[in-house]
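Below: one structure, written as structure tokens.
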Amino acid sequence: MRIAIDYTPAVHQRAGIGRYTRGLVEGLARLQADTAQRALGTYAGFHDYTLLVLGKSGAHFTPSKLPANFKLRYAPISDRWATVLWYRLNLPLPVDLFTGPADLFHGPSFTLPPSFSPSLLTVHDLSFLRYPQGAHPALLAWLTKAVPRSLRRARHVLADSQSTRADLIELMNIPSQRITVIGAGVEKRFQPVADPETLTRVRAQYQLPERFILSVSTLEPRKNYTGLIAAFNQLSAAGAPSPLADLHLVIAGGKGWLYDDIFARAEASPARERIHFAGFVNDEDLPALYSLATLFAVPSHYEGFGIPVLEAMACGVPVVCANNSSLPEIAGNAALLVEATDIDALAGAMHTLLTDSSLREELVKRGFDQAGSFTWEAAARRLLKVYQDVAGG
């Protein structure tokens, strides 16, 4: 079977959908390699994969160790121009002109171009419908137009979580039988880092304090960093005698959109000297960053999946997160869950985990088990089954 995958986000985006796409493709490659090592003979996983990349400029992550049947193909058109031609002008220019003949085309990032092949679409979340006030107006207008059109083109749809699947059924009227849930995985490199040199280097590079609450994501309204800052203010209100008096808050992530209020709330905080913005953290430094944290917090208003929750757990950090969208199914029983809008509850949950050592130890143990249940190989195995069903249907 010839499978074409839009690999553009994997090459041009460091986090988010880029990481998701890289993880699935690397999972497919490892699944194939593991099967070969077991000498099982003929196996349905040995297919020809074409990884389409729109535009070469700005490439960050080009794979180097994929098997010979995984071939990168660069299209002589930028991602931006493809967007204009396919989705704004709606030109019927088939993607097959760039990928070559294929039995299936997979779009892993919300949109599908015209194709002669059966198409598979991944929708990571419907935050632009569930939480439109947190989206950039231009992005909101774009997704509102492009996603429904792409869903109509798709023979089958993939969702990151049961939550996103339910949203697709309710908000987009997609029949349940047309949707398969394939979640993300946790890379094996996410584990507790004990090497003193690595920890010292990362602490110095990002100017990290000794004890801190950590949150990792792009700075945008949906992530509810203003709520996290308000909860941190409550934790800090006890003053110097408090056992939390030396605690800091570290928010790591690049600037997204509509983030001015986040910085304004931090500047207005009575604990502003203990609130730090680390900026975008290099991928290779994330395990050490998690390992240095005292607590990990995810107060988001909406998440399609929430990979950082599992990454933090895999690194041995106790987690507090919101109880909305996909977060309860991702966190399982390994985190304290609270309403994202309940500042008192968020502050209380963080205080509990910071002061109750027995509960911390229990959640860390559960967290290792929870994170271990999400692997890219398992996701790739489910994806391969969908590929076979869609191409054969």
I need the calculated FRET efficiency for the pair D246 and F116, taking r as the beta carbon distance and R₀ as 51 Å, to the nearest 0.05. 0.25
According to a simple spin-label model (label point 7 Å from Cα along Cα-to-Cβ), what is the distance in nm between E362 and A237? 2.8 nm
Which whole-Hz couplings ³J(HN,Hα) result when phi for each residue of region 211-228 is put into the Karplus expression 6.51 cos²θ - 1.76 cosθ + 1.60, θ = phi - 60°, listed in order with x for Gly and Pro? 10, 7, 7, 10, 9, 10, 4, 4, 7, 7, x, 4, 6, 6, 5, 5, x, 5
Ranking W376, A347, C321 by how far each Cα lies towards the positive end of the charge dipole of region 313-382 (+1 on Lys and Arg Cβ, -1 on Asp and Glu Cβ), the top one is W376
Taking R0 as 35 Å and r as the Cβ-Cβ distance between K255 and R381, the FRET efficiency 1/(1 + (r/R0)^6), rounded to the nearest 0.05, comes to 0.45
If S269, S176 are placed from fewest to most neighbouring beta carbons inside 10 Å, the sequence is S176, S269
Using only Cα atoms, find the angle between the long axis of helix 357-372 and the longest principal axis of the chain, and express it within 0 to 90 degrees, rounded to the nearest 10. 10 degrees
Between 0 and 90 degrees, rounded to the nearest ten: what's the tilt of helix 162-172 against the longest Cα principal axis of the chain? 60 degrees
Which value, in Å³ per residue, describes the convex hull spanned by the Cα atoms of region 163-212? 151 Å³
Please work out whether region 196-372 counts as rounded, prolate or oblate from its C-alpha gyration tensor, where a ≥ b ≥ c are the square roots of the eigenvalues and a/c under 1.5 means rounded, while otherwise a/b larger than b/c means prolate and anything else oblate? rounded
Looking at region 272-378, which chymotrypsin sites (Phe, Trp or Tyr not before Pro) are in a loop (DSSP not H, G, I, E or B) and have at most 16 other Cβ atoms within 10 Å? F280
Suppose R0 equals 25 Å; then what is the FRET efficiency for N323 and V181 from their Cβ-Cβ distance, rounded to the nearest 0.05? 0.80
In nm, to one decimal, how far is the modelled label at T200 from the one at A68, with both set 7 Å along Cα→Cβ? 4.7 nm
Whole-Å semi-axes of the chain's equivalent ellipsoid, largest first, each the root of 5 times a Cα gyration tensor eigenvalue? 38, 23, 19
How big is the charge dipole of region 196-372 about its Cα centre, in debye rounded to the nearest 20, if each Lys and Arg gets +1 on its Cβ and each Asp and Glu gets -1 on its Cβ? 220 debye
Residue by residue through region 254-268, what is 3J(HN,Hα) from phi via Karplus (6.51 cos²θ - 1.76 cosθ + 1.60, θ = phi - 60°)? Round to whole Hz and write x for glycine and proline. x, 6, x, 7, 6, 9, 4, 5, 4, 5, 5, 5, 5, 5, 7
Compute the label zone of T355 within region 302-340: residues whose backbone N is under 16 Å from the point 7 Å along Cα-to-Cβ. none
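Read the figures in this text as sums done on the coordinates, not as results from a lab. What you see is a predicted model, and the numbers here were worked out from it, not measured in a lab. All Cβ positions, glycine included, derive from the backbone under ideal geometry; neighbour counts span all protein chains shown.
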